[in-house]
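Engineer: Here it is, the structure in full.
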Amino acid sequence: MKAGHRTLAEVDVMTGTEFEDFVVDLCRRDGCTDVKRVGGSHDNGADVLGCLPDGRRMVIQCKRYAPKSRIPSREVRDLLGSKVHFKADVAIFAATTYFSGPAAKFATENSILAVHRDHLGLWNDGASLLSLTAVNGLGQGDRRHQKRWKATYE
């Protein structure tokens, strides 16, 4: 199946590698170039590298965790180091779950795009990766926010 044609329930049962490939497909769908999966041991904290449609270099960390888990701030801090290591312009953390409060705060304070479960669903449903920057750090798991998010993409 192609990106955008899977439910979050299907994404939840993917392996970590399958999730990384899924994120690669979403990036390519959105016009990103030179996108490749580099995840694995000794990946220096990067699972996906490439360029955004506007030419900026990106580094993506992907975590396929159970929906009730939380991404700790330590993992988001590691991504900041990866951004420096790979000389990327943009750091993105794509997850199948939500970020802890400190992790979400750290991400927004350091210009890391934190794609939590709800935003992953929007991205999968057709919102562009770059459009998610408008709602970065907002409304994790709170259905009240989804109406506002969807207005951003229409």
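Just so you know, all these numbers are worked out from the coordinates, no wet-lab data involved. Predicted model only: the values in this text are computed from it and were never measured. We place every Cβ from the backbone using ideal geometry, glycine too, and count neighbours over all the protein chains shown.
Engineer: Treat each spin label as a single point 7 Å out from the Cα along the C-beta direction, and report the Val84 to Arg56 distance in nm.
Structural biologist: 1.9
Engineer: In the range 47-124, what percentage of the DSSP-assigned beta bridges are antiparallel, given to the nearest 5?
Structural biologist: The antiparallel proportion sits near 25 percent.
Engineer: Fully extended, how many nm does the chain gain between Asp12 and Ser128 (0.36 nm per residue separation, minus their Cα-Cα distance)?
Structural biologist: 39.7 nm
Engineer: Can you sort Cys32, Cys51 so the residue with the fewest Cβ neighbours within 10 Å comes first?
Structural biologist: Going from least to most buried by this count: Cys51, Cys32.
Engineer: Run through the DSSP bridge list for the range 14-94 and note the antiparallel percent, rounded to the nearest 5.
Structural biologist: Of the beta bridges lying entirely in the range 14-94, close to 60 percent run antiparallel.
Engineer: Residues with amide H under 5 Å of Arg56's amide H, sequence separation 5 or more or different chain, H placed in the peptide plane at 1.01 Å from N; which?
Structural biologist: Sorted by chain and number, the residues that satisfy this come to none at all.
Engineer: Just to check I understand the Karplus step: with θ = phi - 60° and J = 6.51 cos²θ - 1.76 cosθ + 1.60, what whole-Hz values come out for the range 70-82, glycine and proline as x?
Structural biologist: Once rounded to whole Hz, the list reads 10, 7, x, 4, 4, 5, 6, 4, 4, 5, 4, x, 5.
Engineer: Let me make sure I get this right: for the range 1-110, a, b and c are the square roots of the gyration tensor eigenvalues over alpha carbons, sorted descending. Under 1.5 in a/c it's rounded, otherwise prolate if a/b > b/c, else oblate. Which is it?
Structural biologist: oblate
Engineer: Further question: How much net charge surrounds Val90 when only the other residues with a Cβ under 15 Å from the Cβ of Val90 are counted, with Lys and Arg +1 and Asp and Glu -1?
Structural biologist: Surrounding charge for Val90 is -1.
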